[in-house]
Amino acid sequence: MKEIQDKKKVDLLIICGDFQAVRNFTDLNSMCCPSKYRQLGEFYRYYSGELVAPIPTIFIGGNHEAGIYNRELYLGGWAAKNIYFMGLSNVIWFKGLRIGGISGIDNDSNVNKGYYEKFPFHPIERFKSLHHTRIFEIMKLALLKQKIDIFSSHDWPSEVAVLGDTDSLIKTKPWFKSDIKSGKLGSKHLDFVLKKLKPDFWFSAHLHVKFKVEILWEKYYNSLKSLDHIAPINSTATENTFSKNEDEILLEISDDEANIPSSADFNSVPVNKNSEEIIMTDSDSDNESINLYKRLKLESASVLTNLNLHNKCDTDPNSTIIQSHSNNESLSSISYVNTTTEDSITKKNVKTTFLSLDKCMPRRQYLEYFDFEVPSLQIGNGSGFKYDPEWIAILKTIQPLIPKNKFIDENTMNFFKSLSSECDTNSSISSEIDRNKKALLNSIDDWNIPDNFVQTAPSAPRGTDTRSRFPQANNHETSMLFTNPQITKFCEKFGIVDIFRN
């Protein structure tokens, strides 16, 4: 953070996962990574109050986290003073910017399962599912109608690899080639979210490489209809984007569970492997042109048949979901009053800037600065963090329906998958969300996120070496499951069901 302070004035820091919020040695039990990487780290100093983040910071969960703390704050909350965790998925406001995020990575074995994991979440080799995104979080985000300025994910949407400079990406990471060609690099579920939300900026991490592309949406949809399917990229988007990392650390643990068919996978998708820097062997005899693959990939880019998500809303700029943007709320309305805006999705200059950064290590490209123009009236007072009424209304509507059993019956799964087809604003779910939102706006006056961080688990003792590992000699700490008062107060304030307490 000192490097950021020395560079320029920074209002907000966004961390795209693998933040490793470890409070003490017992948290290391639930940290998903090879044992040789399970070090205490610096976070406990911020958690204990020994240090305070000088810059307001938000982060999402990746796949190398302390699962026990992330699950404790699954609806979002302060992980330490001035450090806000977005939870499993979330939408908040910061000084006039609407920011969304989703934690975890894609995994075919667990995407269609409920939140079945039971405390104490170790051995972690049996609970890697804590860090796998579920279909419920995807569908909650798909129900959003109001514009998103910034979205953050750990995994990549799978299409971005072929919308940018794919050749340069493969030169930098040759082992990506086979996954790109098979469509397994990144998440198809996030493709769906990307095309639904079309945020101004989308930030990711996970694949340990800097990669940037400008997605021009009008050109994207036109390319789907054209014969040659030209990729909608900005020719300058990848300038100074790639640098070879000679000191790449290759993790030994795979996020793929055993490919055992599940009785709950009624519409199972192909294995969507998210490589954690595991080098994939590629046949030298494979001479298929990557440019040909781009055209083939784009031809079927928005057809998510493996999720039963394909519908007119995904690909047609004239569809109901596109036209409904004319009734969107104001982009930065601090009073959250319904106003109308121009149908921005059909404007020629509408685009999404996707950026993924490298690992936070020496000689890596892990930091990028962006300037945002926000009207002074939208900045507001205090910390600038606010809850989002539309998101709260979605939680109020959907949370009671989310299952906790491991295997989900077909009717329940089909219900959640059908939420992706909510193009009709008069549908029952959309109507219920609108009713809840209206009731919230009429009853809630204060939308500020309170500064109510509190320690739940004990912190590691001050002065403990950050390189310390678990287990330690004479360490008698035992795992405990804590109820975080932030979640309790959040659910009470908005009348949201706490699925892990009810």
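Since A161 meets every condition but one in (1) surrounded by 22 or more Cβ atoms within 10 Å (Cβ to Cβ); (2) out of contact with any helix residue (DSSP H, G or I) (no Cβ under 9 Å at 6 or more places or on another chain); (3) of a type in the set (G, A, S), which condition does it not meet?
Tallying (1) surrounded by 22 or more Cβ atoms within 10 Å (Cβ to Cβ); (2) out of contact with any helix residue (DSSP H, G or I) (no Cβ under 9 Å at 6 or more places or on another chain); (3) of a type in the set (G, A, S), A161 fails exactly one: (2).
Is it fair to say L207 is crowded, with 23+ Cβ neighbours inside 10 Å, at pLDDT below 90 and not β-branched (V, I, T)?
yes
How about region 16-45: which of its residues are open to solvent by 30 Å² or more (accessible area, probe 1.4 Å) and at pLDDT 90 or above? Steps first, please.
Going through region 16-45, the residues open to solvent by 30 Å² or more (accessible area, probe 1.4 Å) turn out to be 18-20, 29, 35-39, 42, 45.
Once the filter is applied, which keeps residues that are open to solvent by 30 Å² or more (accessible area, probe 1.4 Å) and at pLDDT 90 or above, region 16-45 yields E42, R45.
If I go through region 143-158 residue by residue, how many of them are hydrophobic (A, V, I, L, M, F, W, C) and either surrounded by fewer than 24 Cβ atoms within 10 Å (Cβ to Cβ) or touching a residue at least 60 places away in the same chain (Cβ under 8 Å) (or both)?
Number of matching residues: 4.
Could you please find all residues in region 113-129 being open to solvent by 30 Å² or more (accessible area, probe 1.4 Å) and assigned to a loop (DSSP other than H, G, I, E, B)?
Y116, K118, F119, P120, H122, P123
Identify all residues within region 38-68 that are farther than 23 Å from T133 by Cα and of a type in the set (S, T, Y); write none if there are none.
Y44, Y46, Y47, S48 - these are the residues of region 38-68 that are farther than 23 Å from T133 by Cα and of a type in the set (S, T, Y).
Condition first: open to solvent by 10 Å² or more (accessible area, probe 1.4 Å) and hydroxyl-bearing (S, T, Y). Now tell me which residues in region 75-112 satisfy that.
Passing the criteria: S103, S109.
Test E214 against the stated conditions and say whether it is open to solvent by 10 Å² or more (accessible area, probe 1.4 Å), on the phi < 0 side of the Ramachandran plot and part of a helix (DSSP H, G or I).
no
Please give the number of the condition K140 fails out of (1) open to solvent by less than 10 Å² (accessible area, probe 1.4 Å); (2) among the basic types (K, R); (3) not in a helix (DSSP H, G or I).
(3)
Quick check on K147: is it of a type outside the set (F, W, Y) and under 17 Å from the mean Cα position of the chain (by Cα)?
Numbers: of a type outside the set (F, W, Y): yes; under 17 Å from the mean Cα position of the chain (by Cα): yes.
It is true that K147 is of a type outside the set (F, W, Y) and under 17 Å from the mean Cα position of the chain (by Cα).
The values are calculated or read from the model by the stated rules, or taken from the named source; none is laboratory data. The structure presented is a predicted model; accordingly, all values stated were derived computationally and were not measured. Neighbour counts run over all protein chains shown; Cβ positions are idealised from the backbone, glycine included. Heavy atoms of the whole protein, side chains included, go into the accessibility calculation; ligands, DNA and RNA do not. Shrake-Rupley method; radii C 1.70, N 1.55, O 1.52, S 1.80 Å.
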